[in-house]
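What follows is calculated from the coordinates using simple rules that are stated; it is not laboratory data. Note that the structure is a prediction, hence the values are computed from the model and not measured. Neighbour counts are summed over all protein chains in view; Cβ atoms, including those assigned to glycine, are modelled from backbone coordinates with ideal geometry.
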């Protein structure tokens, strides 16, 4: 049995490939809209009326998303928004894969979803009702709409997937952790197909206030489109976002046997803990370096073979500096680096999955999207950061970094099909 994240050759024993993608982000609904948005390099951040009066009133929310239109009337009434976004992305990913849930063996299909917060919008709404109207006003659906595990449960019900059903919670690394977990399920024979990704809808007054109080958010509220600026000299925090990214993963041999279109291969996964601080990254980057080394080793890739990095790149002073130092030390200046959070904001538990999907698209299309708002690259960031316009170049091997509060790190390696 190959170790989780390992494999032999592009389509060797244990190779796992991506046959379907689904994206719902601030750049648009669907893979094509999101990819066009990140390649355009224009921030999706706007002044958010729902945050009026708060210290920070800007966000990156999904435009034009109608729960009733995209996931159905029943789901619009019984699902928190983080589940609605995830169901929409998962349906797109499965349709893209060419698989038919009406005919697959559901017992061999797993679902793994990363989520950091859960149904916080429901929690805040119902808490206000209790305070204003009394306990009798609280919905009987509060708990099923709130708890994070329900996103995987609802995806299983929607898709008829009765195999392993899991939710990973590693803060802003959750989506990447979900994909790494999916690799293990496929490699150990537990599943033939896994729908894996992340979903988050944390743009609520309490959550935004909490992040603002800890100094994590940009205070550039007068110019929201310029607020998220990863690796820029003048960065001052992230812009909170929402969204979902889903991938359909299969063993390469199975995908080939059914004639599926393969977008890319997920070749390696590495995870680690900083064991340093509850929110700040280890300035020495030891944990990040361990996750990166592990992912590349399991993929059978040397550092000088990495062509592209989709960086965690949150636009916060400490995180960008620490990540850049590790990348420079271990990978040098060869890879073309981007942070798509400049366009999409920081989608928290969904970020790792959304960025993994974008890394797959970058490798598939040979295109590195630009980092939005990189006007003056931090002189201490000694990396080849793509800015201004997409960069066209052949890409064989790419890395997607995801790091979370608590010092939880997850790194994925994506290679060309």
The simple spin-label model distance between residue 302 and residue 40, using points 7 Å out along Cα→Cβ, in nm, is 4.2 nm
So, with points 7 Å from each Cα along the Cβ direction, the residue 107-residue 73 label distance in nm works out to 3.6 nm
With R₀ set to 25 angstrom, the calculated FRET efficiency between the beta-carbons of residue 52 and residue 214, to the nearest 0.05, is 0.75
Dimensions in Å of region 149-305 - Rg and Dmax from alpha carbons
18.7, 54
When ranked by the protection proxy of mean other Cβ atoms within 10 Å per residue, highest first, what sequence do the peptides 348-360, 308-320, 124-136, 286-298 form?
348-360, 308-320, 286-298, 124-136
Determine the relative contact order of region 303-350: mean sequence separation of Cα pairs under 8 Å and six or more apart, normalised by residue count, in whole percent.
51 percent
Describe numerically, in nm with one decimal, the distance between label points set 7 Å from Cα along Cα→Cβ at residue 278 and at residue 257.
5.0 nm
Between region 60-110 and region 180-229, the alpha-carbon center distance in angstrom:
18 Å
Would you work out if region 315-417 is rounded, prolate or oblate? Take a ≥ b ≥ c from the square roots of the eigenvalues of the alpha-carbon gyration tensor; rounded if a/c is under 1.5, else prolate when a/b is larger than b/c, oblate otherwise.
rounded
At a threshold of 8 angstrom on Cα-Cα distance, excluding pairs fewer than six apart, so keeping six or more, what relative contact order does region 29-71 reach in percent?
34 percent
Order by neighbour count: 170, 221, fewest other Cβ atoms within 10 Å first, most last.
221, 170
Inter-centroid distance (Cα atoms) of region 230-285 relative to region 288-326, Å:
11 Å
Which of 111, 87 has the fewest other C-beta atoms within 10 Å, and how do the rest follow up to the most?
87, 111
